[in-house]
Amino acid sequence: MRYLLVEDNRELAEAVVNRLCLDGHAVDHAATLAEAEDWLAATGYDLILLDVMLPDGDGRDFLARSRARIETPVIMLTARSQVSDRVGALDQGADDYIPTPFDFEELEARCRAVLRRRGGSARNEITLGEAVFDPMAGTLRHGDISVELRNREIRLLEIFARHTGQILSKGQLMDRLFSFDADVTENAIEVYVGRLRRRIDGMGVRIETVRGLGYRMET
């Protein structure tokens, strides 16, 4: 998943970014609403974590304006915990609301729940050929065998699993796997795809190379 974190508290922002990156997600950080606008103009996101009080405005107003042009799910982060604040944020388009300080496990669980709802499913599991993949738990099962995946492999498989039959370019895969400040090249995608192919070999699903265009997962 690719996240945009809009938070002006540097210490909190670093903690959230580090935690999500450990799970294999790509995270871009904006300290102001103006920076958030720049990030959103540059790429798409799977989820936005948005603070309410920012140096250049109110996150709720930003959310209300943005809802007319983006459908990305949004979780509001704020120290305000009154019912009226939560109701107001939800009515303005937020998908969830979590007061600070929060437990990181709860934040991760709420992110998973929002993404499941947006995906139209109450369950995490995805059937891939003869295997069952749970991107949230990071598990891949083939019969009685459980295949161990590294974080980046989990996220790459999730991207393919949610776009089965579609051609994805190396640039698109880089955009979903790495944040903008990551020092990587397209060769890294080749390495990860090669590793993932070995993991799913014999499971009734494969990743094809479409010459000159990218990769496509077929079952």
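For ARG150, state whether it is closer than 21 Å to GLY129 by Cβ, touching a Pro at 6+ places or on another chain (Cβ under 9 Å) and at pLDDT below 90.
no
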*Any residue in segment 41-64 that is surrounded by fewer than 13 Cβ atoms within 10 Å (Cβ to Cβ), free of Cβ contacts under 8 Å to residues at least 12 places away in the same chain and touching a strand residue (DSSP E or B) at 6+ places or on another chain (Cβ under 9 Å)?*
no
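Looking at LEU173, LEU196, which is the one that is without any contact (Cβ under 8 Å) to a residue 60 or more places away in the chain, within 17 Å of the chain's Cα centre (by Cα) and closer than 16 Å to GLY214 by Cβ?
After ruling out the rest, the residue left standing is LEU173.
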*Go through the residues of segment 159-170 one by one and say whether even a single one is touching a strand residue (DSSP E or B) at 6+ places or on another chain (Cβ under 7 Å) and of a type in the set (Ser, Thr, Tyr).*
yes
_Return the residues of segment 65-99 that are open to solvent by 20 Å² or more (accessible area, probe 1.4 Å), assigned to a strand (DSSP E or B) and within 24 Å of ASP38 (Cα to Cα); say none if nothing qualifies._
ASP96
*asked:* Just checking, does segment 30-41 include any residue being within 21 Å of PRO101 (Cβ to Cβ) and touching a helix residue (DSSP H, G or I) at 6+ places or on another chain (Cβ under 9 Å)?
replied: yes
*Please enumerate the residues belonging to segment 147-164 that are closer than 13 Å to CYS21 by Cα and among the aliphatic types (A, V, I, L, M).*
ILE154
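Restricting to segment 145-192, give me the number of residues that are among the small types (Gly, Ala, Ser) and in contact with an Asp or Glu (Cβ under 7 Å, 6 or more places away or on another chain).
Adding up the residues that qualify gives 2.
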*asked:* Restricting to segment 16-40, name every residue that is closer than 22 Å to ASN151 by Cβ and open to solvent by less than 40 Å² (accessible area, probe 1.4 Å).
replied: VAL16, VAL17, LEU20, GLY24, HIS25, ALA26, VAL27, ASP28
*Residue among ASP8, ASP28, ASP38 that is in a loop (DSSP other than H, G, I, E, B), modelled with pLDDT of 90 or more and either over 12 Å from the mean Cα position of the chain (by Cα) or not hydrophobic (A, V, I, L, M, F, W, C) (or both)*: ASP8
*Mind listing whichever residues of segment 1-15 are of a type in the set (A, V, I, L, M, F, W, C), open to solvent by 30 Å² or more (accessible area, probe 1.4 Å) and under 15 Å from MET76 (Cα atoms)?*
LEU12
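The values are calculated or read from the model by the stated rules, or taken from the named source; none is laboratory data. Note that the structure is a prediction, hence the values are computed from the model and not measured. Here Cβ is always computed from backbone atoms with ideal geometry, including for glycine, and neighbour counts include all displayed protein chains. When the accessible area is computed, the model is the full protein with side chains, heavy atoms only, and any ligands, DNA or RNA have been set aside. Shrake-Rupley method; radii C 1.70, N 1.55, O 1.52, S 1.80 Å.
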